[in-house]
1. Name, by its number, the condition in (1) at positive phi; (2) away from chain A (no Cβ under 12 Å); (3) among the small types (Gly, Ala, Ser) that does not hold for B:Gly99.
2. Of all residues in the stretch B:227-262 being touching a residue at least 60 places away in the same chain (Cβ under 8 Å) and among the β-branched types (Val, Ile, Thr), which is farthest from B:Ser112 (Cα to Cα)?
3. Any residue in the stretch A:141-153 that is of a type in the set (A, V, I, L, M, F, W, C) sitting within a Cβ distance under 7 Å of a residue that is assigned to a strand (DSSP E or B)? List the pairs, counting only those 6 or more apart or interchain.
4. Enumerate the strands (runs of 3 or more DSSP E) found wholly within the stretch A:66-157, keeping only those where 2 or more residues are over 29 Å from B:Ser113 (Cα atoms).
5. For residues that are within 12 Å of A:Asp209 (Cβ to Cβ) and not in a helix (DSSP H, G or I), scanning just the stretch A:228-248, find the one that is nearest to the chain's Cα centre (by Cα).
6. From the set of residues in the stretch A:87-96 that are closer than 22 Å to A:Asn63 by Cβ and surrounded by fewer than 24 Cβ atoms within 10 Å (Cβ to Cβ), which is farthest from the other protein chains (Cβ to nearest Cβ)?
7. Pick out the one residue from B:Gly118, B:Gly150 that is surrounded by fewer than 18 Cβ atoms within 10 Å (Cβ to Cβ), of a type in the set (Gly, Ala, Ser) and modelled with pLDDT of 95 or more.
8. So in the stretch A:342-385, with the set limited to residues that are surrounded by fewer than 19 Cβ atoms within 10 Å (Cβ to Cβ) and without any contact (Cβ under 8 Å) to a residue 24 or more places away in the chain, which one is nearest to A:Arg282 (Cα to Cα)?
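The values are calculated or read from the model by the stated rules, or taken from the named source; none is laboratory data. Given the structure is predicted, the values throughout are model-derived calculations rather than measurements. Methodologically, a virtual Cβ is constructed for each residue, glycine included, from the backbone with ideal geometry; neighbour enumeration extends over all protein chains shown.
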Number of protein chains: 2
Amino acid sequence: MVGFEYAKKSDNASNKNNLLSDAVINLDHGDPTAFEEYWRKMGDRCTVVIKGWELMSYFSDVNKVCWFMEPELENAIRGLHAAVGNAATEERYIVVGTGSTQLCQAAVHSLSSLRPCGTHPVSVVAAAPYYSTYVEETTYVRSEMYRWGGDARRYEKEEGPYIELVTSPNNPDGTMREEVVKRPQGKVIYDLAYYWPHFTPITHRPHHDIMLFTFSKLSGHAGSRIGWALVKDKEVAKKMVEYIMVNSIGVSKESQMRAAKVLNVMTETCRSHSDSFFLYGRDKMKNRWDKLREVVEQQSDDIFTLPKYPEAFCNFFGKPIGSYPAFAWLAIGCHEESDLGSLLMKQKVLTRSGNRCGSDKNHVRASMLCRDDVFSLFLHRLASITIPATDSLH
Amino acid sequence: MVGFEYAKKSDNASNKNNLLSDAVINLDHGDPTAFEEYWRKMGDRCTVVIKGWELMSYFSDVNKVCWFMEPELENAIRGLHAAVGNAATEERYIVVGTGSTQLCQAAVHSLSSLRPCGTHPVSVVAAAPYYSTYVEETTYVRSEMYRWGGDARRYEKEEGPYIELVTSPNNPDGTMREEVVKRPQGKVIYDLAYYWPHFTPITHRPHHDIMLFTFSKLSGHAGSRIGWALVKDKEVAKKMVEYIMVNSIGVSKESQMRAAKVLNVMTETCRSHSDSFFLYGRDKMKNRWDKLREVVEQQSDDIFTLPKYPEAFCNFFGKPIGSYPAFAWLAIGCHEESDLGSLLMKQKVLTRSGNRCGSDKNHVRASMLCRDDVFSLFLHRLASITIPATDSLH
C-alpha cells in the first residue's frame, strides 16, 4: 500500500525554509493544493454557510435515479459542462460519488453485475502506463465479479467480457487516449478527470456511455471527495447508485452543496479576463511546465526527458494551446534500467515509480499540483542532481 | 435492493394534508429527521462557514494513522464520549468513515485480511433479528475474503475464523446484545450506533476492541455521512484506513468539520436543563413510544405487539430510565404466518419486513425517527387497521 510521508509545513515563516530544506516533499499523490491561491483571491464568493438543521436527511430528490444527489449540484454540473463544452450531458444520468474513486468502482461493479451469469470474473484492463490506483481498486476486495487484467494492449483473450478504463488525458503521462481493445464484448469507462482547459485543449465534446469527472482535479477541492459520472444507460446508472447506497448510503450533502457553489462560480467567471479559473489555471500550469522543461533541458547529458505534447485548437479558449498535465511523466534518458524513483528519493523527492503504473523504473510520475514553495523546491532538487557512475543507480 | 418511495412533502400548508393523506409514508429507512426541530431551536450555534480555499487537501494530519481525519473531529468525538460515558476512547485509535456503513465494511475487510492465508472466506454472522443491511454489505461485492454466514445462533462450524456483528441496542428490536458465538477464532465488531442516552440507559462503559458509532443516529445528521470507529489494535486500524483510502480516498472534510461543531455543542450542553440534546431526544422518543404503545394497546384483539424493555439505571441521567429505540419492532400477535409488511402497505405505511432481518413476516421494523407529521400519520393509519378474515393475510 502507499506511504503517506509528507513535507511538514509550518505557518511560521522563520521555520519554513529550514523545515522544507530537510523534509521529503511528496509528489507521489496529486494533492491539488496549487489552486488555493485562486480561491483565496475570490474572497467570499465561494463561502458556504450551513445551519445546524440543514441537510439532515439521507434523501435529496427521491424522484431521481440518484436520489442522494442535491439538485443544486446536478444543475451546477450540467451548467459547467455546457459552458466548457468538454462533455455531452444531455440524455445522460448524473451519479454523484465520494470522489471519482468510489464512482469508478461503482461503474466496474455495475457493468460486471449486468453481465450474464457464468461470465465472471470480468477482466478490467487499461493501457500502460495507467493510473496505478486502478490496480488497487479492482483487487483489494478480491471480488468474484471482476479482476484486474493488466495492460489493455496485452489483453489477449479472444472472447469473454472485459472492461477497459480509458483515462484521457492520461494519468500518468498526459497523452490523449482512446480505447485500444475494441471488441464486441467490451465496455469502456472513460475517466476524464483531467479533460479541462487548464490542463489540455478542449478539442471535441465526448459523448461516451460512461464518463467520470472529479471535483478534486478540476478546482483543487480534493478534501471534499466529490466526483460525478455521466451515464447514458439507465440500468447502469441504477446499479451504480445501488453500489453507492450499500457502500456508503450516499454522499456528503455538505460537500455537494459546496461543490455546487464552486462550480457555479467557475461557470459564471469562465469568460472573464480577470477572474476565470481556467485562465488562471492554464497560466499557472504553463508557467510550471515551462520552468520544469527549462530545468530538464539545462541538465547536462540529457539526464531526464519529458513527453512532448502537440498544440491543438481549444474550443474553449478559441485558439491553439498546449497541454500542461497535472503530472510530469519524467524519464531518466540515458541510463537503461535505472531506478529514477530511488534517485529522486535521495534528493528527498517522493514520486510514484513507473513500474506501479505498468511501465518501468526509468519513469516516475510527479505531481505538478503541489503548493508553490514545494514546486520551487522540487525544481531546485531536480536541478542539483548529477548522475554518478551508472552502476550505482541499478 | 431497497425501494425509495417516500412521502412527497410540500411546504405549501394547504397541500400538505392532501398530499400526506394520499402518500405512502416511508418508515423503511431510519431517516432521522425527528431531531431537526432541536437544531432549529439551537439557532446559529451549530452554523458552519467554509471559505472557498479551506479544506482543499486530501490530508488532515499525516502523523496520524487516520491521516484523513480532521483533528477537530477527533477531539470532539473523544470529548463527547467522555461526557456521556458510553465508550472507552483511551488507548484507542479513531478511524472516521463515510457513515458507519463504510466503516463496518472497512472493519470486516481489515479483520479478514489479517487472517492467515487459506482461512478464507471468513463467515460474517449476526444474531437474528439483525440489521438487514449487514447482508447486503457482506455480499454485494462477492468478496473471496468473507461471506455472509447468517444467524449467529445457528453458526455451527466447529472451527474456522468468523466475525460476529453485535448491534447493541439492537437494530431492529432494541434489545441489549452481547456476542453469542464466543469461540477462540472469532472476532467481534460492536455496532453501538444507538448506545446513546436518548435511546437507552447508559448502564456501563464498553471497551471492546472495535466499536462503531454514527453521527446519523446520534444527532440526526444522516446527510453528512459521518461515522467513527474506536479501534484498539493499531494493525486493524491501519487496515481500515487502507480500505477507506482505496474505497474513497478519505472522508468529506466539510462533513467532518460540521460534525465536530455539532458534537462539541452536544458536549457543551449535555448537562443543561434547557438545552441538552439528550434530554430533548429522550423526551421526544419517550413521547413517541408512549403514543405508539397507546395505539397498539387500544387495538381490539391484541392485533399488534411491541417488545417490552426493562428500566435500568442510566449513569448519564443518574436515575433509572426506560429504552426508547430508534425502531419499533412491531409484530402481528394473533395471526400466525401473516404478512405484516403487506398489511401495513395497504395502509400506505412502508416498513422493513422482518424476514429481511433474519426473522419472519409477522414482524416489521418501523422507523421512530421520522418527522412529527409523518409519525402522526403512522399512528393514525395504524389505529385504523382492522383485521379481516385471517386468510386474506396469508
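1. It fails just one condition, (2).
2. B:Val262
3. A:Val141/B:Ser143; A:Met145/A:Val122; A:Trp148/A:Val124; A:Ala152/A:Val125; A:Ala152/A:Ala126; A:Ala152/A:Glu164
4. In the stretch A:66-157, the matching strands (runs of 3 or more DSSP E) lie at A:93-98.
5. That would be A:Ala229.
6. Only one residue fits best here, namely A:Glu90.
7. B:Gly150
8. That would be A:Ser376.
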